[in-house]
Amino acid sequence: MRDYSISVYFARAVLKNAVAQGLDPISLLRETRISPRLLLEEDARISVERFADLQVNTMLAMNDEALGYVSRRLPVGCWSMMCHAVIGCETLGQAMARYCRFYQLFEFGVQPFLIIEDEEARICVVNADDTAAPDPYMLELLLFNAHRFASWLIQEHLPMQCVQLAYPPATQMREYRAMFLGNPMEFEAQHSQLVFSSSLLERRITQTEQSLRHFLRHPLLMLLTQTYDQNSWTARVREAVHHNLVDMPELNDVAAMLDVHPQTLRRRLSAEGTTFKEVKGQVRRDTALHYLGKQGLSIEEIAHRAGFSESSAFIRAFKGWTGVTPYTYRKGL
């Protein structure tokens with residue numbers, strides 16, 4: 001499992017309907033060891049462990065796996081039952097057809113459908129309730145779950161031709177790209193859907209009842225953090241930096257580790273929409289957020305583990321990442 005972070009946009013979305021359900025968002029944040037102040041900072045981030053706990057705790061408090069976003073409550077336990085209904089399938093096509101059919105049983109306004117047309121397959125979210133357009137986060141949640149669950153079933157990141165959303169972006173583009181693992185994004189499309197090659201539906205399901213039991217201990221965290229055989233150069237560089245943070249390698253060092261010329265590595269990262277400096281900063285940031293959520297580590301030790309030789313440089317960088325100092329961040333946990 002890897003250390004990643006996520007924008008507070010998603011934490012705000014999780015809590016959007018809490019007050020209407022008679023819940024106190026501040027209490028939910030504090031129970032999950034997230035500083036309420038972070039939600040006021042546009043660029044703030046939280047570790048995925050904290051985010052996963054927040055979403056699960058909010059679902060449990062509401063007894064609604066749809067977080068109040070749909071016309072009828074989706075009782076806690078539906079996700080687990082869907083997993084058990086799907087796990088016996090032989091192919092991804094069978095599994096996703098059953099996944100969609102399961103959620104079509106619930107008349108809560110939005111329903112996923114698997115549509116196959118020649119060489120193209122789509123998991124399309126249809127608005128069954130003409131009275132109101134579904135909230136963007138509900139669509140994102142349905143498509144995120146479908147994509148990550150499909151990837152988990154075949155133990156490979158399912159490549160998308162395009163992820164289409166029927167509304168303008170509600171947060172920065174990089175956050176959506178991270179949510180959908182760097183796949184192409186299109187906004188204000190006719191439908192909200194995942195578009196991929198229909199040949200992928202023939203992929204064999206590799207998970208079993210036994211692996212499902214492990215998965216269901218904390219499925220959201222598994223969906224957020226599991227990595228498979230990622231061949232992207234961004235993933236390779238991130239891994240190399242992560243394993244050498246204390247010595248903080250430079251581009252030439254990482255290029256040597258990956259047996260490629262530095263200029264070639266720079267071009268390949270650019271083709272994937274990033275730079276070595278950006279990847280290095282993201283790894284440092286996510287490592288720092290991960291360790292700040294742990295007890296017993298000093299700011300100096302966290303700075304060292306995140307690849308900083310001086311605490312002052314770490315504090316400046318952290319404030320740039322989150323809008324607050326590491327001391328303020330930790331105080332709010």
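The values are calculated or read from the model by the stated rules, or taken from the named source; none is laboratory data. Being a predicted model, the structure only gives us computed values, none of them experimental. Every residue, glycine as well, gets a Cβ built from its backbone with ideal geometry; the counts of neighbours run over all protein chains shown.
A few remarks follow.
- Selection status of Val283, surrounded by 15 or more Cβ atoms within 10 Å (Cβ to Cβ) and touching a residue at least 24 places away in the same chain (Cβ under 8 Å): yes
- Qualifying residue in the range 227-235 (condition: under 26 Å from the mean Cα position of the chain (by Cα) and more than 23 Å from Arg174 (Cβ to Cβ)): yes
- Unique residue being of a type in the set (Lys, Arg) and more than 27 Å from Val70 (Cα to Cα) when the list is Arg122, Arg204: Arg204
- Scanning the range 187-210 for residues that are loosely packed, with under 14 Cβ neighbours inside 10 Å and free of Cβ contacts under 8 Å to residues at least 24 places away in the same chain returns Glu188, Gln210.
- Scan of the range 286-332 for residues that are surrounded by fewer than 16 Cβ atoms within 10 Å (Cβ to Cβ), within 15 Å of Arg33 (Cβ to Cβ) and not small (Gly, Ala, Ser), ordered by number: Lys294, Gln295, Leu297, Thr328, Lys331
- Pick from the range 141-167, criterion among the aromatic types (Phe, Trp, Tyr) and in a helix (DSSP H, G or I), ranking: nearest to Tyr9 (Cα to Cα): Phe144
- Annotation note: Cβ proximity below 9 Å between a residue of the range 123-149 that is over 14 Å from Phe113 (Cα atoms) and surrounded by 21 or more Cβ atoms within 10 Å (Cβ to Cβ) and a residue that is of a type in the set (Phe, Trp, Tyr) and at pLDDT 95 or above (sequence gap 6+ or interchain) occurs for Phe149/Tyr99.
- One residue stands out in the range 76-104 among those that are under 22 Å from Leu60 (Cβ atoms) and in the same structural domain as Met160 (by TED's automatic domain parsing): the one that is modelled with the highest pLDDT, namely Phe102.
- Condition check for Glu186: over 22 Å from Ala95 (Cα atoms) and either of a type in the set (A, V, I, L, M, F, W, C) or at pLDDT 90 or above (or both): yes
- Qualifying residue in the range 260-273 (condition: in contact with a Lys or Arg (Cβ under 9 Å, 6 or more places away or on another chain) and modelled with pLDDT under 90): yes
- Among the candidates Leu40, Leu29, the residue that is without any contact (Cβ under 8 Å) to a residue 60 or more places away in the chain, over 20 Å from the mean Cα position of the chain (by Cα) and under 27 Å from Tyr327 (Cβ atoms) is uniquely Leu40.
- Thr274 under 30 Å from Gly88 (Cα atoms), in contact (Cβ under 8 Å) with a residue 12 or more places away in the chain and within 21 Å of the chain's Cα centre (by Cα): no
- When Arg217 is tested against (1) more than 23 Å from Arg285 (Cα to Cα); (2) part of a helix (DSSP H, G or I); (3) under 19 Å from the mean Cα position of the chain (by Cα); (4) of a type outside the set (A, V, I, L, M, F, W, C), only condition (2) is not met.
- Residues in the range 232-269 that are touching a Pro at 6+ places or on another chain (Cβ under 8 Å) and either closer than 23 Å to His157 by Cβ or touching a residue at least 40 places away in the same chain (Cβ under 8 Å) (or both): Ala240, Val241, Met257.
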